[in-house]
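Participant: The structure follows.
The values are calculated or read from the model by the stated rules, or taken from the named source; none is laboratory data. All of these numbers come straight from a predicted model, not from anything done at the bench. Backbone-built Cβ (ideal geometry, glycine too); neighbour counts: all protein chains shown. Quick note on the areas: whole protein, heavy atoms, side chains included, nothing else; ligands and nucleic acids left out. Shrake-Rupley method; radii C 1.70, N 1.55, O 1.52, S 1.80 Å.
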Amino acid sequence: MAKGGSISGNGGGDGGGNESYTVKGRGTVSRPKMVKEVKQGLHPDTHVIKVKGVEYARNNPNNSKPDNIDD
């Protein structure tokens, strides 16, 4: 599946949270589906965070800002 740098957040949620993500070569993926895939280990360099009870996909931090989902 996709590595962190090929996933970007699309926004649209309360307070700017991502309701969907764009995966290069695949298109738009809903937030719940992306979270499920990350938990299954399908996206290296990406983890799940919970903000106000809602889970989001987030790339593991590195020194390349463009690689980090909404960092």
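Participant: Considering 33, 50, 65, which residue is open to solvent by 50 Å² or more (accessible area, probe 1.4 Å) and at pLDDT below 90?
Facilitator: On the way: 33 fails: at pLDDT below 90; 50 fails: at pLDDT below 90.
From the options 33, 50, 65, the qualifying one is 65.
Participant: Another question, then. All but one of (1) modelled with pLDDT of 90 or more; (2) under 10 Å from the mean Cα position of the chain (by Cα) hold for residue 7; which doesn't?
Facilitator: (1)
Participant: Give the residues of the stretch 9-34 that are assigned to a strand (DSSP E or B) and in contact with a helix residue (DSSP H, G or I) (Cβ under 7 Å, 6 or more places away or on another chain), sorted by residue number. Even if it seems obvious, please write down each step before you answer.
Facilitator: Here is the first cut: in the stretch 9-34, the ones assigned to a strand (DSSP E or B) are 9, 12, 18, 20-23, 27-30.
18, 20, 21, 23, listed by residue number.
Participant: List every residue pair whose Cβ atoms sit under 9 Å apart, with the two residues 6 or more apart in sequence or on different chains, where the first one lies in the stretch 45-58 and is part of a loop (DSSP other than H, G, I, E, B) and the second, anywhere, is open to solvent by 70 Å² or more (accessible area, probe 1.4 Å).
Facilitator: Listed pairs, sorted by first residue: 45/3; 45/62; 52/14; 52/15.
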